[in-house]
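Since the structure comes first, as structure tokens, the remarks are kept for the end.
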Amino acid sequence: MRAKGAAFPAAPYLFVAPALVGLALFKLYPIGVGLVASFFDYEAISGRKAWVGLGNYRELLADPLFWSACWNTFLFNAVVTPLQVVLALGLAVLVNRRLPGMSVFRAIFFVPAVISLVVASIVWDLIYNPDNGLANSLLAVLGVPPQPFLVSARQAMGAVIAMVTWKGVGYWMVIFLAGLQAIPGVFREAALLDGASPWQFFWRVTLPLLVRTIVFVVVADTAINFLLFAPMYIMTQGGPSDSTTVLMFEVYRNAFVYFRLGYASAVSTLLLAMMLVVVVVQFRVLRPRVEY
Amino acid sequence: MERRSLPATLALYAGLVSIALLTLLPFLWTLGASFRENAEIFRYTRPLSIWTFVPVRPTLGGFAYIFGEDRFGRFMANSFFVALAVTAAGLFVNSLAGFGFARFRFPGRDPLFAAVLVTFMVPLEIIVIPLYIVVRGFGWIDSYWALIVPAVADAFSIFLLRQFFQELPQELVDAARIDGCGWFGIYWRIALPLVKPALVTAGLLTFIRQWDSFFWPLVATSSPEYTVVQVGLAKYITEFVTFWDRLLAGAVAASVPVLVLYFVLQRYYVQGISTTGLKA
């Protein structure tokens, strides 16, 4: 008998090497180049660049639109991510049963995830149309007067949040379903034999054992939502009166509409810094406490 | 089957049915609209009636155009091939890395993992120009290689699989080591089969991400032979007019393969197949 692995210190590096080579070439190197661009000013036509040091950042911090985009990004993420995570976990627990018809519900809840984000944004734009959209038709049935939705600065962000939540819940539900599979069925039987209610079982057994899955969903969902801008781009163009302009929309607009690559890169760098702070906090708070 | 009272079961189903209806409404409207003529698409939304969802004069015009005049079948085949290749290669490469990060302590592990996480916190919009230059350096522009290779190594899958590999009991690994199993054997024969639901999930979500990818294929390819499904769809929205019948028919057609895939993989999401619990 011999334990090969222990005497082979290169093993871990061999496991991670193929992926790291790919990420280094196609992600980390371009990221480095992209972020260094934040210290330059690019001429739109010639593409000539000039070193401006922290000039882009100074301009950024003095721009009121940057600060309102920060606030909108914060608002959007503070609502969407918890909402998606809680709903996805709730649905996963509900459909993770051996009851008739559950596979149908599992499939239906996943449907929004199979429609491309662009198409979903276009369809919801039509749904939110104040004059002939489906949303107001449904409200009319309930006796609610027509709402302006995306054309109102007060409602636009809420409308975008509703759409994004709808689109994402099924996606994250699937990951929770996988996490629930890793919880041995005997735990459930034992807990029920001990007289635990399903609610107690969820809080005392399921949730603690699901912590690693929850960490993944929370962190990944945060990163994805911070970078989301297609729904705003398609449905509101960041308006009305910049009420749905998130930082990522500013990145896009500066890079591809105003051709201000350096400035876009500076916004993106600050966005990355914010995400890293949020994610580090999430990792700290959600550290697994139970080993089994 | 679980033992629970009849009212509780009825309440559960009532809740599920109402959430399902809310979830499905936008899709049902899209589905109905994809069988309408362009002029009819917005005519019956108000007031709400059966004709809001069911086409009054059903037509296959949108589908006939995209599969007949246009080459939407080819676009779908391209996306399918690319997504399948990325998923297959990605599952191997990323599960290796996930296992490495989960089951070993080694110098540099945490900084390397942090670097992995950073790669999915920077938008493609910022890295697209340097990425294009790298890919052009390999001579891959306007080929399948450009669509497949850069997407294989993926932080999302590495992170997801790492979380699941961490759940595996250490005793299992120790026992295998004592039996003379090498690290690759432990990964391949013991760890991988035990995280099957996570592998299926990582594969499914990788496939969907590739199926949905738009911006990079738009930049990296130009020939119709390599046009992917989302780029094909975007052609029906022009600066001056949107061909709603074609767009919605394409959207419905594009959702079919992923739905079928999900149905096929669903059996991995049924509680009871798990054998992970060593201690239990």
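The values are calculated or read from the model by the stated rules, or taken from the named source; none is laboratory data. Not measured: the values here are computed from a predicted model. As a convention, Cβ positions derive from the backbone with ideal geometry for all residues, glycine included, and neighbour counts pool all protein chains shown.
In this structure, is B:ARG71 over 21 Å from the mean Cα position of the chain (by Cα) and within 24 Å of B:VAL200 (Cβ to Cβ)? Answer is no for this residue.
Here's the yes/no breakdown for (1) more than 9 Å from every other protein chain (Cβ to nearest Cβ); (2) basic (Lys, Arg); (3) surrounded by fewer than 21 Cβ atoms within 10 Å (Cβ to Cβ); (4) closer than 30 Å to A:VAL251 by Cβ:
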residue	(1), (2), (3), (4)
A:VAL164	yes, no, no, yes
A:TYR171	no, no, no, yes
A:LEU177	no, no, no, no
A:ALA191	yes, no, yes, no
A:GLN200	yes, no, yes, no
A:PRO208	yes, no, yes, no
A:PHE216	no, no, no, yes
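Could you check how many residues of region A:110-134 are of a type in the set (Gly, Ala, Ser), at the interface with chain B (Cβ under 7 Å from one of its Cβ atoms) and touching a residue at least 60 places away in the same chain (Cβ under 8 Å)?
1
Scanning region B:23-56 for residues that are more than 8 Å from chain A (Cβ to nearest Cβ) and among the aliphatic types (A, V, I, L, M) turns up B:LEU28, B:LEU31, B:ALA33, B:ALA39, B:ILE41, B:ILE50, B:VAL54, B:VAL56.
Residue count for region B:24-55, restricted to those that are among the acidic types (Asp, Glu) and either within 21 Å of A:ALA140 (Cβ to Cβ) or part of a helix (DSSP H, G or I) (or both): 1.
With respect to B:THR242, is the statement that it is surrounded by fewer than 16 Cβ atoms within 10 Å (Cβ to Cβ), over 30 Å from A:ALA10 (Cα atoms) and of a type in the set (Val, Ile, Thr) true?
Yes; evaluated as a whole, the condition is true for this residue.
Do you know which of the residues in region B:20-54 that are without any contact (Cβ under 8 Å) to a residue 24 or more places away in the chain and in contact with a Phe, Trp or Tyr (Cβ under 7 Å, 6 or more places away or on another chain) is surrounded by the fewest Cβ atoms within 10 Å (Cβ to Cβ)? Per the criteria, the residue is B:TRP51. For region B:139-154, a residue qualifies if it is of a type outside the set (Phe, Trp, Tyr) and more than 30 Å from A:ALA10 (Cβ to Cβ), and the qualifying residues are B:GLY139, B:ILE141, B:ASP142, B:SER143, B:ALA146, B:LEU147. No other residue among A:TYR233, A:TYR258 is farther than 22 Å from A:ILE161 by Cα and either at pLDDT 95 or above or not polar (S, T, N, Q) (or both) apart from A:TYR258. Number of residues in region B:158-188 that are within 21 Å of B:VAL118 (Cα to Cα) and facing chain A (nearest Cβ under 9 Å): the value is 7. Assess whether A:SER68 counts as being more than 24 Å from the chain's Cα centre (by Cα) and surrounded by fewer than 17 Cβ atoms within 10 Å (Cβ to Cβ). When the stated conditions are applied, A:SER68 does not pass them. Taken as a whole, region B:221-230 holds at least one residue that is away from chain A (no Cβ under 12 Å) and of a type in the set (Asp, Glu).
Taken together, the criteria exclude A:ILE224 from residues that are more than 9 Å from chain B (Cβ to nearest Cβ), within 30 Å of A:LEU272 (Cα to Cα), in a helix (DSSP H, G or I) and at pLDDT 90 or above. Residues being touching a residue at least 12 places away in the same chain (Cβ under 8 Å) and farther than 21 Å from A:GLY168 by Cα are represented in region B:195-204 by at least one member.
Looking only at region A:92-109, filter to residues that are under 29 Å from A:VAL278 (Cα atoms) and more than 7 Å from chain B (Cβ to nearest Cβ); which one of those is farthest from the chain's Cα centre (by Cα)?
Of everything passing the filter in region A:92-109, A:VAL93 is farthest from the chain's Cα centre (by Cα).
Quick one: in region A:38-61, which of the residues that are outside any strand (DSSP E or B) and of a type in the set (A, V, I, L, M, F, W, C) is surrounded by the fewest Cβ atoms within 10 Å (Cβ to Cβ)? Applying the filter and picking the extreme gives A:ILE45.
From the list A:LEU14, A:LEU28, the one residue that fits, being facing chain B (nearest Cβ under 7 Å), at pLDDT 90 or above, assigned to a helix (DSSP H, G or I) and on the phi < 0 side of the Ramachandran plot, is A:LEU28.
Scanning region A:37-72 for residues that are without any contact (Cβ under 8 Å) to a residue 12 or more places away in the chain and not acidic (Asp, Glu) yields A:ILE45, A:SER46, A:GLY47, A:ARG48, A:ALA50, A:ARG58, A:LEU61, A:ALA62, A:PRO64, A:TRP67, A:TRP71. Scanning region A:227-261 for residues that are in a helix (DSSP H, G or I) and among the small types (Gly, Ala, Ser) yields A:ALA230, A:ALA255.
Quick check: anything in region B:119-138 more than 20 Å from the chain's Cα centre (by Cα), within 19 Å of A:ALA11 (Cα to Cα) and either hydrophobic (A, V, I, L, M, F, W, C) or in the same structural domain as B:PHE75 (by TED's automatic domain parsing) (or both)? No, that holds for no residue.
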